[in-house]
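Undergrad: Below are the structure tokens for one structure; questions will follow.
The values are calculated or read from the model by the stated rules, or taken from the named source; none is laboratory data. What you see is a predicted model; the values in this text were computed from it and never measured. Neighbour counts run over all protein chains shown; Cβ positions are idealised from the backbone, glycine included.
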Amino acid sequence: MNDDLVKTIDTLGMIDKQIKDLEASARKLKDALIARGVGKYDGNLFQVNVQQFDRAAISPTLVRELGDDDFVSSVTEVKTVNAVVVKPLTLHV
């Protein structure tokens, strides 16, 4: 494999791991704030607003169950998605 491609893949992998670590840290901090309850909280540099609200969503399972094929086709939007999946290599020595 080309050295530039290897460097690109490895750099992406390292950045992806850092992002996942940061997201895990942020989730813990958010959970601690959510545990304090709904409200506005001030730090020295930032302010947070803990909110609680309902979010409505249509169940795809019920749409498939209760709708006929034509209905399901008419309400289904298909989009092409490009994805990059990053996985660490297990090196065997």
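Undergrad: When you check ARG27 against the structure, is it over 27 Å from VAL6 (Cα atoms), at pLDDT below 95 and among the basic types (Lys, Arg), yes or no?
TA: No: the conditions fail for ARG27.
Undergrad: Being of a type outside the set (Ser, Thr, Tyr), surrounded by fewer than 10 Cβ atoms within 10 Å (Cβ to Cβ) and within 25 Å of the chain's Cα centre (by Cα) is the filter here, so list the residues in the stretch 68-83 that pass it.
TA: GLU77, VAL78, LYS79, VAL81, ASN82, ALA83
Undergrad: Would you confirm whether or not the stretch 15-26 contains a residue that is of a type outside the set (A, V, I, L, M), surrounded by 10 or more Cβ atoms within 10 Å (Cβ to Cβ) and in contact (Cβ under 8 Å) with a residue 60 or more places away in the chain?
TA: yes
Undergrad: For the stretch 48-67, what are the residues that are part of a helix (DSSP H, G or I) and exposed (fewer than 10 other Cβ atoms within 10 Å of the Cβ)?
TA: THR61, LEU62, GLU65
Undergrad: For the stretch 20-47, give me each residue that is over 30 Å from VAL86 (Cα atoms) and either of a type in the set (S, T, N, Q) or not in a helix (DSSP H, G or I) (or both).
TA: Scanning the stretch 20-47 gives GLY37, VAL38, GLY39, LYS40, TYR41, ASP42, GLY43, ASN44, LEU45, PHE46, GLN47.
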